[in-house]
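Chemist: Below you will find the structure I want to go over with you.
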Amino acid sequence: GLDQRTVDIIKSTVPVLAEHGEAITKHFYQKMFKDHPELKNIFNQTHQKVGDQPRALADTVYAAAQHIDQLEKILPRVKEIAHKHRSLNVKPEHYPIVGEYLLIAIKDVLGENATDEIIEAWGEAYGLIADVFIQVEDGMYKETAR
Ligand code: HEM
């Protein structure tokens with residue numbers, strides 16, 4: 001798990017980030033698709049236009065981060081999202097890519113308040129949250145393959 005200081009940092013920055021969801025929407029997908037055009041194929045299967053993506057991903061990361069010291073609470077929601085991810089063939093190796101661009105977006109939003117400590121804390125938190133998704137999705141893929 002995360003140490004208490006990291007948990008405190010995460011919980012105190014969630015409201016600031018959640019308030020600035022627009023910046024995430026604007027820059028996150030744009031930058032990610034520019035560097036990783038292969039991901040466009042996954043996202044383009046949906047009805048959403050690129051650049052017009054909802055804030056669902058970032059908002060869910062923030063909601064999960066608020067429960068970072070009791071992640072089992074987000075499992076029901078993760079299972080719902082995992083069905084969608086699975087149908088779109090989202091893979092474990094995609095998570096670090098999304099994490100990288102989410103961290104860049106978080107850094108952008110916090111500006112000069114983005115200390116190394118805060119960015120490291122978010123890197124750890126995202127890693128834990130991503131692991132929950134990867135495990136749930138992996139379990140689903142295995143069930144189908146059986
Ligand atoms: C959809 C969260 C990682 C690709 C979603 C939705 C949420 C979400 C909340 C909307 C589900 C719904 O419609 O009910 C997250 C979180 C992630 C994550 C919290 C990381 C911890 C990823 C990764 C990929 C991905 C790594 C692949 C690169 C997608 C796609 C959709 C989606 C393509 C459908 C988009 C749409 O309907 O417009 N995700 N996601 N997600 N996610 Fe993720």
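The values are calculated or read from the model by the stated rules, or taken from the named source; none is laboratory data. Quick caveat, the model's predicted, so the values are computed rather than measured. Every residue, glycine among them, receives a Cβ derived from its backbone with ideal geometry; neighbour counts consider all protein chains shown. Heads up: the accessible areas ignore ligands, DNA and RNA and are worked out on the full protein's heavy atoms, side chains in. Shrake-Rupley method; radii C 1.70, N 1.55, O 1.52, S 1.80 Å.
Chemist: Quick one: what pairs do we get from segment 56-70, first residue of a type outside the set (Asp, Glu), second near the ligand (Cβ under 10 Å from one of its atoms) and open to solvent by 50 Å² or more (accessible area, probe 1.4 Å), C-beta under 7 Å, 6+ apart or different chains?
Modeler: 68/128
Chemist: Pairs only if they're at least six apart or on different chains, beta carbon under 9 angstrom, first in segment 84-95 and modelled with pLDDT of 90 or more and in a helix (DSSP H, G or I), second within 6 Å of the ligand (Cβ to nearest atom) and of a type in the set (Gly, Ala, Ser); list them, first residue then second.
Modeler: Filtered contacts from segment 84-95: 95/130.
Chemist: Here's something else I'd like to know. If you take the residues of segment 32-46 that are closer than 27 Å to residue 71 by Cβ and out of contact with any Leu (no Cβ under 9 Å at 6 or more places or on another chain), which of them is most open to solvent (accessible area, probe 1.4 Å)? Talk me through it step by step, then tell me what you get.
Modeler: The first filter runs over segment 32-46 and keeps only residues closer than 27 Å to residue 71 by Cβ, leaving 32, 36, 39, 42-43, 46.
With out of contact with any Leu (no Cβ under 9 Å at 6 or more places or on another chain) added as a condition, the list becomes 36, 39.
Details: 36: 38, 39: 6 Å².
Of everything passing the filter in segment 32-46, 36 is most open to solvent (accessible area, probe 1.4 Å).
Chemist: Check off (1) over 21 Å from residue 7 (Cα atoms); (2) surrounded by fewer than 15 Cβ atoms within 10 Å (Cβ to Cβ); (3) more than 8 Å from the ligand (Cβ to nearest atom) for residue 131 and give me the number that stays unchecked.
Modeler: Result: residue 131 fails condition (1) only.
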